[in-house]
Amino acid sequence: MKKGVLVAFSEVGLRSKPVRRKLIKLLSRNIERGLKWLDFELEGVIPTWERILVFTDEGEMVAELLKDVPGVRFAAPVYYFEGPDFEVLVEEAIEELVREVSGKRFKVETKRRDKDLPFRSMDVSALVGKLILERSENSKVDLSNPEVVVHLEVGRKYSLLYLKRYEGMGGFPVGSQSPMVSLLSGGTDSAVASWLVLHRGVMLYPLFINPSPFTGCC
């Protein structure tokens, strides 16, 4: 089992195959450069066709930072497991699950990335939910209004488990569009416009304009 961060994207996945491959690589590079600049210790940044996996022991803090990176749909601290053996997966992660779910209403959502796996998503959810109920105190299954949602993504090569996700703004990674200069006057509109343009993939160079004495010092 490894700890890390799952990075999901949305609009990047709508591009053609060559463009999508290029954007995923660019987003991975932006993430890696930014985290190294902030002195985070990384075991690796692995881009895949559907996800980007960032391996680090500081998953919670990294996920919260990555949600603000242009191109990121959401970031989630995850547990990474080799192979599709969900019984082994649950046994390795059950202590963490029990600690987070104990005394709360919960539900388990499972997604199979490979539909040829010899079990159904509902089978995995049922097994995980049963083990949580057996080993936690005062926990209840609530499919309508849960306090905690246990997310499982099961694949043939690896599986992921996460409990929390930080929503991002989506868009495209910075550097995917031509660079621009943004004129910042000190008001709100130019700053908001600059932020929105950043999330369209533009490499932005802010240029502050001091309009005093015409508008006053404030």
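The values are calculated or read from the model by the stated rules, or taken from the named source; none is laboratory data. Just so it is clear, the model here is predicted, and its values are computed rather than measured. Cβ atoms come from the backbone with ideal geometry, glycine included; neighbour counts cover every protein chain shown. Side chains included, ligands, DNA and RNA excluded: accessible areas come from the protein's heavy atoms. Shrake-Rupley method; radii C 1.70, N 1.55, O 1.52, S 1.80 Å.
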**OP:** Run the numbers on the range 28-118 and let me know its relative contact order in percent, using alpha-carbon pairs under 8 Å that are six or more apart.
**Re:** 15 percent
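Among 107-119, 184-196, 44-56, how do they line up from the highest to the lowest mean number of other beta-carbon atoms within 10 Å?
44-56, 107-119, 184-196
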**OP:** Report the extension gain between residue 215 and residue 189 in nm, rounded to one decimal, defined as 0.36 nm multiplied by the number of residues separating them, less their alpha carbon distance.
**Re:** 7.8 nm
Original post:
Taking the simple approach of a point 7 Å from Cα along Cα-to-Cβ for both residue 50 and residue 111, what is their distance in nm?
Top reply: 0.7 nm
Subject >> Cα centroid separation - the range 181-205 against the range 15-77, whole Å >> reply: 23 Å
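Got a sec? What order do 199, 151 fall in by accessible area at 1.4 Å, biggest, i.e. largest, first? Display every interim value, and only then the final one.
On the way: 199 5, 151 30 Å².
From most accessible down to least: 151, 199.
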**OP:** Quote the charge dipole size of the range 92-214 about the Cα centre in Debye, to the nearest 20; the model charges only the Cβ of Lys and Arg (+1) and of Asp and Glu (-1).
**Re:** 320 debye
Subject >> Amide hydrogen neighbours beyond the local backbone of residue 78, cut-off 5 Å, H modeled >> reply: 4, 5, 6
Subject >> Size of electric dipole in the chain: Cβ of Lys, Arg +1 and of Asp, Glu -1, about Cα centre, debye, nearest 20 >> reply: 1040 debye
Subject >> the range 7-24 - phi-based ³J(HN,Hα) in whole Hz, Karplus 6.51/-1.76/1.60, Gly and Pro as x >> reply: 10, 10, 10, 10, 5, 4, x, 8, 7, 5, 4, x, 5, 4, 4, 5, 5, 4
Subject >> Under 5 Å, built H, 5+ apart or other chain: amide partners of residue 200 >> reply: 172
Original post:
Cα-based count: Lys pairs in the range 1-129 below 21 Å, eight or more positions apart or different chains?
Top reply: 11
Subject >> Rounded to whole Hz, the Karplus (6.51, -1.76, 1.60) HN-Hα couplings of the range 159-173, x for glycine and proline >> reply: 10, 10, 9, 8, 10, 9, 9, 9, 6, x, 9, x, x, 10, x
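What 222 nm value per residue comes from the helices of the chain, counting each DSSP H run with n ≥ 4 as -39,500 (n - 2.57) and dividing by all residues, nearest 500 deg cm²/dmol?
Numbers: 5 runs with 71 residues, N = 218.
Computed mean residue ellipticity for the chain: -10500 deg cm²/dmol.
For residue 177 and residue 60 in the same chain, what is the full-extension length gain: residue separation times 0.36 nm, less their Cα-Cα distance, in nm?
Working: separation 117, 0.36 × 117 = 42.12 nm, distance 3.02 nm.
Between residue 177 and residue 60, full extension yields 39.1 nm more.
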**OP:** Starting from the amide H of residue 105, placed 1.01 Å from N in the peptide plane, find each other amide H under 5 Å away whose residue is 5 or more places distant or on another chain.
**Re:** 140, 147, 148
Original post:
With every protein chain left in place, what is the accessible area of residue 143 in Å² (1.4 Å probe, nearest 10)?
Top reply: 120 Å²
**OP:** Taking the chain as the reference, fit the longest principal axis to its C-alpha atoms, fit the long axis of helix 86-101 to the helix C-alpha atoms, and give the angle between the two in degrees, 0 to 90, nearest 10.
**Re:** 70 degrees
